[in-house]
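A quick write-up on the structure given underneath.
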Amino acid sequence: MPKPDANTYPPYFNTYIKLVVEEDIMEALTNQRKYAGTFFHSIPKEKYDYKYADGKWSIKELLQHIIDTERVFNYRALAFSRRDDHILPSFDEKDYTANAHGSARKWDDLVDEFIAVRRSTELLFNSFSQEQLNFPGKASDYEMSANAMGFTIAGHLAHHIKIIRERYL
């Protein structure tokens, strides 16, 4: 499925979607899993708990945030694809991160979990028909298609890898 048309998602999500270089959601998700696994394993051990400023997350906490957000966005895409007419709740990423205790986790476990969640994302999106990918749904105060949610998932990861490269390493 090609990149979503801008009228299928709120403007805020363009921050993420524009970072996805691939035009096909399955190609983007698969390429990222391969790249991100290698990238995360290349981060030096002494950087896992590093915070580039007071009040910012460590790389461990950031990876936990990426995992949690991907799970939430996967559920939204699933609900949209199944024509769930409920408005899905928002989530507060700061509360999720504070309550996940990612800093206490083992790095290799976090990386393995990311890879497992991403593989699950790939299987989920591969199961959607073209029609299902185009179904819109509502979450919080916005409406978007399942396809746009998929590109948001990929863009969210690209956004945070960029931040890790620029501010943490």
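Details
- Mean accessible surface per residue for the stretch 84-169, computed with a 1.4 Å probe while every protein chain stays in place, in Å²: 51 Å²
- Of (i) 18.2; (ii) 17.1; (iii) 16.3, the label for Kirkwood radius over Cα pairs in Å derived from the coordinates: (iii)
- Computed from Cα atoms, the angle from the helix 107-127 axis to the main principal axis of the chain rounds to 10 degrees.
- Protein-only accessible surface order, largest first, of H41, H160 at 1.4 Å: H41, H160
- Debye equation applied to the C-alpha atoms of the stretch 1-72, log10 I(q)/I(0) at 0.15, 0.23 Å⁻¹: -0.70, -1.16
- Take R71: with every protein chain present and a 1.4 Å probe, its accessible area is about 120 Å².
- Within the same chain, aspartates and glutamates fewer than 8 places from K138 are excluded, and of the rest, those with a Cα less than 12 Å from its Cα are D84, D85.
- Surface share of carbon and sulfur [accessible, 1.4 angstrom probe, percent] for the stretch 1-92: 53 percent
- Largest GNM mean-square fluctuation among A154, A77, A100, using the chain with Cα springs under 10 Å: A100.
The values are calculated or read from the model by the stated rules, or taken from the named source; none is laboratory data. Since this is a predicted model, take the numbers as computed values, not measurements. These area figures cover heavy atoms from the full protein model, side chains too; ligands, DNA and RNA do not enter into them. Shrake-Rupley method; radii C 1.70, N 1.55, O 1.52, S 1.80 Å.
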